[in-house]
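Only one structure is covered here, and it is reproduced in the block below.
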Amino acid sequence: MNYFKKILKFALPYKKYGVLNIVFNILYALFGTLSFISLIPMLKVLLGETTALAEKPIYTGINKLKDFLENYLNYYVTQTKEIEGEVYVLTVMVVLVISMFFLKNLFGYLAMYFITFLRNGVLKDLRNALYKKTVNLPISYFSEKRKGDTIARITSDVLEVQHSFLSILELIVREPLMIIFTIIMMLLLSAELTIFVFIFIPISGFIISRVGKSLKKQSDQVQSEQGYFLSLVEETLGSLKIIKGFNAEPRVQGKFEASTQRFFKFSNRLLHRRNLASPISEFLGICVIAILLWYGGNMVLIAKSLDASDFLVYMGLAYNILTPAKSISKASYSVKKGDAAAARILEILETESNIVDAVNAKEASPFSKEISLENVSFKYEDDTVLNDFSTTIGKGQTIALVGQSGSGKSTIANLITRFYDVNQGSIKIDSIDIKSLTKKSLRDQMGLVTQDAILFNDSVRNNINLGNSQATDEEIIEALKIANAWEFVKDLPAGLDTSIGDGGNKLSGGQKQRLSIARAVLKNPPIMILDEATSALDTESEQLVQIALENMMVNRTSIVIAHRLSTIQNADKILVMQKGKIIEQGKHQELLDAKGTYHKLVSMQSLG
C-alpha cells in the first residue's frame, strides 16, 4: 500500500465525508449485531424458555449484565402476558427485531451516501491533477510514451483507485467493527464456544491471504496492456487513410488482436485469482459453522449448558461473521489492485519536469531589441543536432532557416520557445537569458504556426481565440481577413460558430493552415515563428497562405523555417544549415550569386 498511501492526500479536502462515513459505519456495525441479538427475546417466547418472574430484577454491575438482561426479559414477559396476552408480547418482539434491522440498513445507506462524495471527489481531483501534469510536462517526456497509455492512466487507473477508496474504508472500519461487535456478543452468549471457534479462524485467514499474494503484479500487467491497446486505437484513428491506402487492415488488426489476446490472458488470471476469494472464505466459514453445530449441539442437548434460543442466535452471529470476512478478503484484493493503479498514476504525477521556471524567474518585458543565440549546442539523447550555433535576429527582421531535413532548423524554434532547453550556450531576448524568464511571459511574446495545422474539435471562434479569449467578433474577423480566411469562414453554415470537426477535418489543408495563421494574428505577438507553414500545401493554397503570412509578418520579428524556398526570397537574412551549423548566410540574391549550397537547393526546386 506504499503507493496508495500517497494517493490518500487527495482525500484530505473531503475528510468530513470520510469521518461521517466512519461514524455511520460504526452505527451500522453496532445495529447489525444488535439486530441478531434482538432475535433472542422472540425465540425465547416462541420456544417457551422464559421463566415466570414476579419481582423486578435489580442491576448489580457489568459482570452480571447478561443475567440482569435475561431476568428483566423474563419479568417483562411475565407481567405483559398477564395483562395483554402472549400474542401482544410476540408482536412487541417482532417490532423490536424490525426496528433493529431498519436502523442497521438506514445507517448502512448513510455511510454509502457520504463515501460517494469522497470517492467521486478523489476521482475528480486525481483526473484534474493528472491532466494538469500531462499538459505541463515537457514535450520530450512524450517522445517515448504512448498516448494511449497516458489515456489509460487518466481513465481506468483512476477508476481503480476510486473503487479502492471504498474498499479501504471497509477494510479498516466497517467490516472489522462488525466482526468485533459480533465476537463481543458471541462471548457474552458463550465464552466456551467462542474460544473453540477462534482455534479455526487463523487457519482460514492464512489460506485466504495466500490466494491474493500475486494479485498486484497481475493487475499491473492488465493495466499496462490496456494502455497499449488504447494506444493502438488512437494511432489507428489518426492513420486511417494510410492504413486503407496500403491495404494494411489485416496487419493492424493482427497487432490489435495480439494485444487483446494478452489482455484476455492476463485478465483471466487476475479474475480467477480474485474470484477465489469469496468461495474460499465462504467454504472455510461453513466448515467452522459445521464444527460449531456439532460442538454447540452437544452443549445444548447433552451438557445442557446453553439454551436452544441462545444457540440459534449464536449460530446466526457466527454466520454473520462470514459476510464481513468475505468483504475484507475482497477489499484486500481491491486495495492491491488499487495500489498497482496508484503506482502508474504516481509515475506521471511524480515526474519532475526539466523545463521549469527558475526560483527567481521574472516577467519578460515587451520585446524591443533583438534575439541572440550564443554558442548553442543541443542533442536529443545521444544525437547532436546543434553544435556551437550563433546568430542574432534584430527587432522587425525576418530570418529564414533552410537546409536538409535533420539540419536543426525546427530544433531552433523548439529552443527559442523553451519546449526544450539548450545543453550549452544561451538564448537571450533583449540581453536576458530566456531561462531567467517565466515560461508564460516568454511564450506570450511569441506566435506559432506549424507545418501541421493543429486545430481542435470546436467552433471556428474557439479555435481562433485560443491565445486571446477576450477577443471580440470584430477582432476575430479582422484576424481572419489578414489570414485570407474570412472569405471561406463567412460562407460556413454557422459562420464563426461552425464546428470544424476532429482536427479540422471538415476543412481543406489550406483552410486549416489559414485558420492557424489567424489564430497567431489574433494573439498579436511581437515575435512570430513559422515552422514550414506551407510545405504541406498545394500550389494554389500555398499562394493564399503565403499572402496571409506576408500580411502577418508586417512589423513583426519573424523566424521562418522553410523547405519551399519561394516563400523566403524577401527575408532579411537567410541561414543555410547543415548538421547543426551555419554554412552560408545572406540575402536571397547574394546567396544565389555565391553559387554555393543555397544555389544548389534553389536549382533543385527550379527557382533559379
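The values are calculated or read from the model by the stated rules, or taken from the named source; none is laboratory data. Every value quoted in this text rests on a predicted model; they were computed, and no experiment measured them. All Cβ positions, glycine included, derive from the backbone under ideal geometry; neighbour counts span all protein chains shown.
Considering only the stretch 176-197, state which residues are aromatic (F, W, Y) and over 14 Å from L292 (Cβ atoms).
Taking the stretch 176-197 and keeping what is aromatic (F, W, Y), we get 181, 196.
Answer for the stretch 176-197, where residues must be aromatic (F, W, Y) and over 14 Å from L292 (Cβ atoms): just F181.
One line per residue, one yes/no per condition, for (1) more than 30 Å from K132 (Cα to Cα); (2) assigned to a loop (DSSP other than H, G, I, E, B); (3) touching a Ser or Thr at 6+ places or on another chain (Cβ under 7 Å):
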{"site": "A341", "(1), (2), (3)": "no, no, no"}
{"site": "E347", "(1), (2), (3)": "no, no, no"}
{"site": "I355", "(1), (2), (3)": "no, yes, no"}
{"site": "P366", "(1), (2), (3)": "no, yes, no"}
{"site": "E374", "(1), (2), (3)": "yes, no, yes"}
{"site": "K379", "(1), (2), (3)": "no, no, no"}
{"site": "I393", "(1), (2), (3)": "yes, no, yes"}
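Taking only the stretch 84-136 into account, find how many residues are charged (D, E, K, R), surrounded by 12 or more Cβ atoms within 10 Å (Cβ to Cβ) and within 41 Å of the chain's Cα centre (by Cα). Show your work before the answer.
First, pick out the residues of the stretch 84-136 that are charged (D, E, K, R): 84, 86, 104, 119, 124-125, 127, 132-133.
Filter once more, so that each one left must be surrounded by 12 or more Cβ atoms within 10 Å (Cβ to Cβ): 84, 86, 104, 119, 124-125, 127, 133.
Imposing the further condition that a residue be within 41 Å of the chain's Cα centre (by Cα) reduces the set to 104, 119, 124-125, 127, 133.
Residues flagged as charged (D, E, K, R), surrounded by 12 or more Cβ atoms within 10 Å (Cβ to Cβ) and within 41 Å of the chain's Cα centre (by Cα) within the stretch 84-136 amount to 6.
Criterion applied to I547, I527, I561 was being more than 27 Å from A471 (Cα to Cα) and either modelled with pLDDT of 85 or more or not hydroxyl-bearing (S, T, Y) (or both), and the one residue passing it is I561. Taking residues in the stretch 91-107 that are at negative phi and without any contact (Cβ under 8 Å) to a residue 24 or more places away in the chain, and partners anywhere that are part of a helix (DSSP H, G or I) and surrounded by fewer than 17 Cβ atoms within 10 Å (Cβ to Cβ), the pairs with Cβ atoms closer than 8 Å and at least 6 places apart or on different chains are V92/T80.
Can we say L455 is touching a Leu at 6+ places or on another chain (Cβ under 8 Å), at pLDDT below 90 and not polar (S, T, N, Q)? Reasoning before the result, please.
Values: touching a Leu at 6+ places or on another chain (Cβ under 8 Å): yes; at pLDDT below 90: yes; not polar (S, T, N, Q): yes.
Against the criterion (touching a Leu at 6+ places or on another chain (Cβ under 8 Å), at pLDDT below 90 and not polar (S, T, N, Q)), L455 qualifies.
To keep it simple, each residue is scored yes or no on (1) β-branched (V, I, T); (2) in contact with a Leu (Cβ under 6 Å, 6 or more places away or on another chain); (3) not assigned by TED's automatic domain parsing to the domain that holds G396.
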position	(1), (2), (3)
G425	no, no, no
D430	no, no, no
D433	no, no, no
M446	no, no, no
V460	yes, yes, no
A471	no, yes, no
A485	no, yes, no
P493	no, no, no
T498	yes, yes, no
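To keep it simple, each residue is scored yes or no on (1) in contact with a strand residue (DSSP E or B) (Cβ under 6 Å, 6 or more places away or on another chain); (2) crowded, with 21+ Cβ neighbours inside 10 Å; (3) within 20 Å of A361 (Cα to Cα); (4) small (G, A, S).
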{"residue": "D444", "(1), (2), (3), (4)": "no, no, yes, no"}
{"residue": "G447", "(1), (2), (3), (4)": "yes, yes, no, yes"}
{"residue": "F488", "(1), (2), (3), (4)": "no, no, no, no"}
{"residue": "Q511", "(1), (2), (3), (4)": "no, yes, no, no"}
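Of the helices (runs of 4 or more DSSP H) contained entirely in the stretch 470-526, those carrying at least 2 residues that are over 17 Å from I454 (Cβ atoms) fall at 473-482, 486-489.
Could you tell me whether the stretch 106-124 includes any residue that is among the polar types (S, T, N, Q) and under 28 Å from N354 (Cα atoms)? Checking the stretch 106-124: not a single residue is among the polar types (S, T, N, Q) and under 28 Å from N354 (Cα atoms).
From the set of residues in the stretch 185-197 that are in contact (Cβ under 8 Å) with a residue 60 or more places away in the chain and in a helix (DSSP H, G or I), which is surrounded by the fewest Cβ atoms within 10 Å (Cβ to Cβ)? Full working, then the answer.
Of the residues in the stretch 185-197, the ones in contact (Cβ under 8 Å) with a residue 60 or more places away in the chain are 185-186, 188-190, 192-193, 196-197.
Adding the requirement that they be in a helix (DSSP H, G or I) leaves 185-186, 188-189, 192-193, 196-197.
On the way: M185: 19, M186: 23, L188: 15, L189: 19, E192: 13, L193: 22, F196: 16, V197: 20.
Selected residue: E192.
Of all residues in the stretch 569-603, those satisfying the criterion of being touching a Leu at 6+ places or on another chain (Cβ under 9 Å), crowded, with 17+ Cβ neighbours inside 10 Å and within 21 Å of T450 (Cα to Cα) are I574, L575, V576, M577, G580.
L592: within 17 Å of G403 (Cα to Cα) and modelled with pLDDT under 85, yes or no?
The answer is no for L592.
Can D307 be described as surrounded by fewer than 22 Cβ atoms within 10 Å (Cβ to Cβ) and either of a type in the set (K, R) or out of contact with any Ser or Thr (no Cβ under 9 Å at 6 or more places or on another chain) (or both)? When the stated conditions are applied, D307 passes them. Could you list, in sequence order, all residues of the stretch 530-543 that are surrounded by fewer than 22 Cβ atoms within 10 Å (Cβ to Cβ), modelled with pLDDT under 75 and either closer than 22 Å to S407 by Cα or in contact with a helix residue (DSSP H, G or I) (Cβ under 8 Å, 6 or more places away or on another chain) (or both)? S535, A536, D538, E540, S541, E542, listed by residue number. F488 falls short of the stated requirement of being closer than 27 Å to A562 by Cα, under 29 Å from the mean Cα position of the chain (by Cα) and of a type in the set (A, V, I, L, M, F, W, C).
Mind counting the residues in the stretch 208-235 that are at pLDDT 65 or above and either surrounded by 20 or more Cβ atoms within 10 Å (Cβ to Cβ) or touching a helix residue (DSSP H, G or I) at 6+ places or on another chain (Cβ under 6 Å) (or both)? Break it down into steps so the answer makes sense when it comes.
First pass over the stretch 208-235, keeping only residues at pLDDT 65 or above: 218-235.
Filter once more, keeping what is either surrounded by 20 or more Cβ atoms within 10 Å (Cβ to Cβ) or touching a helix residue (DSSP H, G or I) at 6+ places or on another chain (Cβ under 6 Å) (or both): 218-223, 225-232, 234.
Residues meeting the conditions: 15.
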